[in-house]
Amino acid sequence: MLQVKKTGLAARIPPHVFFFVSAIFHYLGPAFAVLLFSSIPVLGVAWFRIASAAIVFAVWRRPWRTFIGISWAQRRILLALGIVLGLMNACFYLAISRIPLGTVGAIEFLGPITLAALGARTPRNVGALILAAGGGWLLTDVRFGGQPLGFVFAFANCAFFMLYVVLGHRIAQDGGATGIDRLGAAMLVALVTITPIGFTGALPAMTQPLLILAGVGVGICSSVIPYVSDQLAMARLPRATFALLLSLLPASATVIGILVLHQVPSLLEIAGVLLVAGGVALHQESEARSKNQAKSV
């Protein structure tokens, strides 16, 4: 009965609302993480993010049941997705500890645009790739001299984000458990992946309840609220509409960077973010991929 009520409530909320909630928390959580870097090492904060999200999904969804009854091929994909999630989050945090959140957020979307252009070599996608590449060049040209290592991690995060998109599509095509359950299972693998490199950094905070609560808050804001909101939005929004709305995320990262972290971008950086956002809005996935995903729903 409770489940029916929850489903009814979610159905009454417009799907665009879920997307905008995701757009806010997708970068609000990392912005809070930046504020913690002065008290907890960067990889320690990344560990808190993944550990708290994994615990929430474990209690809420019991995602280990997802591994039962699926093929070894599907399990390998879930394992790969979890490893990618762990490394992607580590690179993302190492990047935002060195360069502005808005810059990292824009670079992150160069990967999906490139994937779209490779999957469907249309004039539209070529134009999207040119826009995004121009925006990426402006962003890196402005700041590369100051923090080159930050851009190394930002582009590594971009590469892992591409893998995340590819593996996410593979899991959707395989069908089976719900998207949230699959995400929860992958998050448990991500926790195992990041623990060897992040747990030591998290240890100093273990005796300070306020820091623990802050770390848990970062995880819920970064990896639970936005990912679940994405699932609820994608279930009801056409793929073309969802892809168009994604163009708001680079701007969202910039605005949150200004409001929370006081990272005021220059005019060139604003131009770079707008070019990347334009590329995200313009790009279009291949028809074959869209049909495959439609069949898996």
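Here's the yes/no breakdown for (1) aliphatic (A, V, I, L, M); (2) modelled with pLDDT of 85 or more; (3) under 15 Å from the mean Cα position of the chain (by Cα); (4) assigned to a helix (DSSP H, G or I):
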| site | (1), (2), (3), (4) |
| --- | --- |
| 138 | yes, no, no, yes |
| 150 | no, yes, no, yes |
| 163 | yes, yes, yes, yes |
| 170 | no, no, no, yes |
| 184 | no, yes, yes, yes |
| 187 | yes, yes, yes, yes |
| 194 | yes, yes, no, yes |
| 204 | no, yes, no, yes |
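Please list, ordered by first then second residue, the pairs with beta carbon atoms under 6 Å, 6 or more apart or interchain, first in region 231-255 and over 20 Å from residue 114 (Cα atoms) and charged (D, E, K, R), second at pLDDT 70 or above and assigned to a helix (DSSP H, G or I).
Cβ pairs passing all conditions: 236/15.
Select from region 81-121 the residues that are open to solvent by 30 Å² or more (accessible area, probe 1.4 Å) and either of a type in the set (Lys, Arg) or more than 22 Å from residue 137 (Cα to Cα) (or both) and list them in ascending order.
Answer for region 81-121, where residues must be open to solvent by 30 Å² or more (accessible area, probe 1.4 Å) and either of a type in the set (Lys, Arg) or more than 22 Å from residue 137 (Cα to Cα) (or both): 83, 87, 98, 119, 121.
With respect to residue 142, is the statement that it is at pLDDT below 85 and either touching a His at 6+ places or on another chain (Cβ under 8 Å) or part of a helix (DSSP H, G or I) (or both) true? Explain how you work it out, then say what you get.
Values: at pLDDT below 85: yes; either touching a His at 6+ places or on another chain (Cβ under 8 Å) or part of a helix (DSSP H, G or I) (or both): yes.
The answer is yes for residue 142.
Kindly provide the set of residues from region 232-247 that are in a helix (DSSP H, G or I) and buried (at least 17 other Cβ atoms within 10 Å of the Cβ), ordered by number. Step through it out loud before you land on a result.
Within region 232-247, the first condition is being in a helix (DSSP H, G or I), and the residues that meet it are 232-234, 239-245.
232, 233, 234, 243, 245, listed by residue number.
So which pairs qualify, if the first residue must be in region 182-201 and closer than 12 Å to residue 58 by Cβ and open to solvent by less than 10 Å² (accessible area, probe 1.4 Å), the second must be in a helix (DSSP H, G or I) and of a type in the set (D, E, K, R), the Cβ gap must be under 6 Å, and the two must be at least 6 apart or on different chains?
Close Cβ pairs (under 6 Å, with a partner that is in a helix (DSSP H, G or I) and of a type in the set (D, E, K, R)) amount to 184/61.
Inspect region 25-44 for any residue being assigned to a helix (DSSP H, G or I), touching a Pro at 6+ places or on another chain (Cβ under 7 Å), open to solvent by 10 Å² or more (accessible area, probe 1.4 Å) and closer than 19 Å to residue 187 by Cβ and give the result as yes or no. Before you say what the answer is, go through the steps one by one.
Of all residues in region 25-44, those assigned to a helix (DSSP H, G or I) come to 25-36, 42-44.
Next cut, touching a Pro at 6+ places or on another chain (Cβ under 7 Å) only: 25-26.
Right, trim to open to solvent by 10 Å² or more (accessible area, probe 1.4 Å) and you get 25-26.
The next check asks that each one be closer than 19 Å to residue 187 by Cβ; those that pass are 25-26.
Yes; the residues of region 25-44 include at least one that is assigned to a helix (DSSP H, G or I), touching a Pro at 6+ places or on another chain (Cβ under 7 Å), open to solvent by 10 Å² or more (accessible area, probe 1.4 Å) and closer than 19 Å to residue 187 by Cβ.
The values are calculated or read from the model by the stated rules, or taken from the named source; none is laboratory data. For clarity, every value in this text was computed on a predicted model and none was experimentally measured. Please note: Cβ atoms are built from the backbone with ideal geometry, for glycine as well, and neighbour counts cover all protein chains shown. Heads up: the accessible areas ignore ligands, DNA and RNA and are worked out on the full protein's heavy atoms, side chains in. Shrake-Rupley method; radii C 1.70, N 1.55, O 1.52, S 1.80 Å.
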